[in-house]
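Have a look at the structure below before the remarks.
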Ligand code: FS2
Ligand code: SF4
């Protein structure tokens, strides 16, 4: 095993026995095999795409399979093995179709395309198979970005929204990482194209979410509890939540969001349910304690599961790309899922233990922020808002993340934080106040809604008369943890955004030379101390 895809990788270098996240070495090895097989499927499907004979079901499979390899998603060896088997089946089917259509020369296949169930174990599928550390770094940067694209593409796909160009890029990118003739320059260009597709897929998911559930509205989200039994929904999938809300209506069972599902409370088509009570607890890594005190069933709809504690193992459920041994996994049929097992179990459970009370504000996606843009622009022109600080990204369990709370608290009162993703839990309950009624923390939503922050930045910039994105009074202090944040970062870079401060640690998968390129091209800076960063970011 060798995995270095997330921020908490062992010693800042790589997990080599088991993952810090709890992923077993066997599962990590299978994930390497799966990515390898996906590269082969991608090779064939690129040809099928060009010949006009590719199937949508292949896109769906690729999105799910890549998503399953993201940190804190599929922990089951069986779950990964099933996807490897399916990949081989698809590889054969697409190959046969290409042969039937005279679109393939079997005597001219690259090595990746000759992988089979019989020879897979003889191949070195691991990350370290690429010996040159700069090429390895760039290849993995592309692959981790593609994993993020796949996750967002998956959530859009279940809502009926797809983007063929994005799906094609996923294949192109995967195949490119097997091409030894590609120079580092070409790989850097590929990394930037990955960022471009990252932006496109976030726009796609935004269209899927807002088209289905309406534009998020500024909303006071309750963080207390009621006396009914409840079901807690975590992960990122709004469609699963909607189906659960429909099925729990009139049953006496309440529904709460957790972690990255918090923004669901601001969508008109979700907040209209009286029994969507509010949000319970904090970001993903608090779940062991919070799932225990919640008392009722928990539905994990996507990444962000941590190895469950015994006290709630019999009442946690997974679905879609996420899975864990010993946890009931729910599979839908024709886009519909049956949550009756959770509902019946909830009826026998105690109501949640109240952890806190009051409300937090959410729903500041681009539509609601830009609808009051004049007010914001007036506040900027009057000198009441001096700077916007984008503090998007991830939360994590390491102690050094306290930096983000301290940074938010230390910001002068004439600054506004634009946030998205679970990083917000480090400061969204601090009561940082408002400026002429504009909250000092504007929460655009989930990590994918970082897209919204770019639209907000562009919208405000245009009204303030700036033509260069880097001249506007906006600074970036981004926190990362896993591969969805990698694609958010690449998307920001592709937008030409300079001077991003990144923390709490730099990715282990960036070799010194690749890091130098990012520093020279985009002036990415690792975060340091609150004081030092504050001075630089407020300049
Ligand atoms: Fe939180 Fe970071 Fe959302 Fe994850 S914003 S840890 O990428 O998918 O959540
Ligand atoms: Fe280690 Fe992160 Fe990989 Fe888990 S996902 S094995 S913690 S690098």
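Please return the ranges of helices (runs of 4 or more DSSP H) entirely within segment 364-443 where 3 or more residues are surrounded by 18 or more Cβ atoms within 10 Å (Cβ to Cβ), within 16 Å of ligand 2 (Cβ to nearest atom) and free of Cβ contacts under 8 Å to residues at least 40 places away in the same chain.
Working: elements: 366-371, 373-381, 402-410.
Answer list for segment 364-443: none.
Return the residues of segment 91-113 that are in contact (Cβ under 8 Å) with a residue 60 or more places away in the chain and in a helix (DSSP H, G or I); say none if nothing qualifies. Once the filter is applied, which keeps residues that are in contact (Cβ under 8 Å) with a residue 60 or more places away in the chain and in a helix (DSSP H, G or I), segment 91-113 yields 111, 112, 113.
Would it be correct to say that residue 185 is free of Cβ contacts under 8 Å to residues at least 60 places away in the same chain, within 22 Å of the chain's Cα centre (by Cα) and not in a loop (DSSP other than H, G, I, E, B)? No: the conditions fail for residue 185. Of the residues making up segment 240-249, at least one is in a loop (DSSP other than H, G, I, E, B), modelled with pLDDT of 95 or more, farther than 29 Å from residue 437 by Cβ and more than 18 Å from the chain's Cα centre (by Cα).
For segment 454-464, the count of residues that are within 26 Å of the chain's Cα centre (by Cα), exposed (fewer than 15 other Cβ atoms within 10 Å of the Cβ), free of Cβ contacts under 8 Å to residues at least 12 places away in the same chain and assigned to a helix (DSSP H, G or I) is zero.
Can residue 519 be described as within 16 Å of ligand 1 (Cβ to nearest atom) and either modelled with pLDDT under 95 or closer than 25 Å to residue 461 by Cα (or both)? Criteria not met by residue 519. Here 237, 227 are screened, and the one residue that is over 20 Å from residue 429 (Cβ atoms), at pLDDT 95 or above and more than 23 Å from the chain's Cα centre (by Cα) is 227. Check whether at least one residue in segment 5-28 is over 20 Å from the mean Cα position of the chain (by Cα), more than 16 Å from ligand 1 (Cβ to nearest atom), in contact (Cβ under 8 Å) with a residue 12 or more places away in the chain and buried (at least 23 other Cβ atoms within 10 Å of the Cβ), and report yes or no. Checking segment 5-28: at least one residue is over 20 Å from the mean Cα position of the chain (by Cα), more than 16 Å from ligand 1 (Cβ to nearest atom), in contact (Cβ under 8 Å) with a residue 12 or more places away in the chain and buried (at least 23 other Cβ atoms within 10 Å of the Cβ).
The values are calculated or read from the model by the stated rules, or taken from the named source; none is laboratory data. Note that this is a predicted model, so its numbers are computed, not measured. With ideal geometry, Cβ positions are generated from the backbone for all residues, glycine too; neighbour counts draw on all protein chains shown.
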